[in-house]
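The block underneath contains the structure these notes are about, expressed in structure tokens.
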Amino acid sequence: MKVSVIGATGRVGKAAAFSLAEESVVSEVVLVSREKSLSQVQGEALDMNDAMAAKDIRVSITPTSNFEDISDSKIVVITSGVPRTSEMTRMDVAVPNAKIVAEYACLVAKHAPESIILVITNPVDIMTYVAYKASGFPRSRVIGLGNHLDSLRLKNLIAKHFNIHVSEIHTRIIGEHGDHMVLLLSSTSIGGILVKDFPQYQSFDVETIVDKVKNAGSYVINKKGATEYGPAFAISNTVKTIINDEKRILTLTTYLDGEIYGVGDVCLGVPVKLGINGVERIIGVKMNDKELEDFITAAKTVKKAKDEIMATLEGEINLSK
Ligand code: NAP
């Protein structure tokens, strides 16, 4: 299976490409960069090839600035975006990134019309909406990654607090990949037992934990300039789930049309059943009153911001839908 990564000289793009190249289900990785970054992306590809030889992995790694090279990709990952410093919110980069994502989504629709688009660029919930509208693809084939990474970060924190293997933790962050993320505490379990039934739950400070997840990206950016391995492995995880038709339930950004408490015309992170055709089903989650209230707030906030950005872009970008 062929997977393309756009923005491949970026820190997330190259780490994702490297992680994808290692996956046995991926036979070709196309590293797509702007013309001005072509030399750098060629260097990245050569370096990755050496690493793959060291690991006895046979995979084709193609650096390019020509979108014709993405044809027949099963999945195209869009990571391009203007840089965000630790003082900037994801919303500060929304307008310039929307233009970039819209342009690339149109090129993907032209050159890889059967592919699945996986959007990484922030603010990812709005960028997924932009890619959905610009590509004209069915919503099942336009997915955003945000809450999956947040949920992995949360799993780590819970595993540490309860001193239990991370694979035993079943939990989810839904809503916005940003300030309005919602922890589904009511359905969080460890080894099949509700988290609230564990004795250490007394000292489990939910607000602090949620704050840590919210600020995890900025914290890393502050320390080392960017997040790389976390997003990269969350991306390869998602790609593998699709290519293997695993039917796993991941929390990904998808276009909602009223499936969850009537929320519609917005892209948000929700649990989805993921298979070879992308989103096969949106899983209607049961929430307690507080979770529902927070989810509705997330929906309203993202929708308002999305409407503002779409209005700003009107006439500037080509939208198929
Ligand atoms: P980065 O290192 O700054 O790389 C971004 C890449 O985008 C650049 O290397 C460049 O790639 C391309 N680019 C930059 N300016 C551009 C422009 N004006 N037009 C077209 N392409 C441009 O950023 P990063 O750390 O990799 O992060 C990439 C994006 O992912 C950001 O929006 C970040 O916030 C987001 N992110 C999302 C998640 C998530 O969970 N959703 C997690 C981490 C990061 P080429 O020169 O190769 O084309």
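The values are calculated or read from the model by the stated rules, or taken from the named source; none is laboratory data. Note that the coordinates shown come from a computational prediction; the quantities given were computed from them, not determined experimentally. FYI the Cβ positions are ideal-geometry reconstructions off the backbone, even for glycines, and counts take in every protein chain you see. We work out accessible area using only protein heavy atoms, side chains counted, and drop any ligands, DNA or RNA first. Shrake-Rupley method; radii C 1.70, N 1.55, O 1.52, S 1.80 Å.
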With a 1.4 angstrom probe the carbon and sulfur portion of accessible area for region 167-319, in percent, totals 48
Post the alpha-carbon centroid distance, region 221-254 to region 92-165, in whole angstrom.
10
Rounded, prolate or oblate: which fits region 1-77, taking a ≥ b ≥ c as square roots of the Cα gyration tensor eigenvalues, rounded meaning a/c under 1.5, else prolate when a/b beats b/c?
oblate
What order do you get for 259-266, 168-175, 143-150, 7-14 when each peptide is scored by the mean count of other beta carbon atoms within 10 Å, highest first?
143-150, 7-14, 168-175, 259-266
Descending accessible area (1.4 Å probe), largest on the left, turns Thr188, Thr301 into Thr301, Thr188
Give the shape of region 169-321 as rounded, prolate or oblate, defined through the alpha-carbon gyration tensor: a ≥ b ≥ c are the square roots of its eigenvalues, a/c under 1.5 means rounded, and otherwise the shape is prolate if a/b is larger than b/c and oblate if not.
rounded
Shape of region 240-321, Cα gyration tensor, a/c cut at 1.5
oblate
Longest principal axis of the chain (C-alpha) makes with the long axis of helix 124-135 (C-alpha) an angle, in degrees to the nearest 10, of 40
Just grab the label-to-label distance for Ile193 and Ala51, each label 7 Å out from Cα along the Cβ direction, in nm (one decimal).
4.0
Which log10 I(q)/I(0) values does region 59-167 give at q = 0.12, 0.14 Å⁻¹ under the Debye formula, counting every alpha carbon as one identical point scatterer?
-0.50, -0.64
Quote the relative contact order of region 33-96 in percent (integer), defining contacts as alpha-carbon pairs under 8 Å separated by 6+ residues.
28
For the chain, with every protein chain kept in place, what is the accessible area per residue (1.4 Å probe, Å²)?
44
Sum of -39500 (n - 2.57) over DSSP H runs of 4+, divided by residues of the chain (222 nm, nearest 500)
-14000 deg cm²/dmol
For a quick protection proxy, order the peptides 210-216, 288-294 by their average other-Cβ count within 10 Å, most packed first.
210-216, 288-294
Apply the Karplus parameterisation 6.51 cos²θ - 1.76 cosθ + 1.60, with θ equal to phi minus 60°, to every residue of region 288-294 and state each ³J(HN,Hα) to the nearest whole Hz, in sequence, with x for glycine and proline.
7, 4, 5, 4, 5, 4, 5
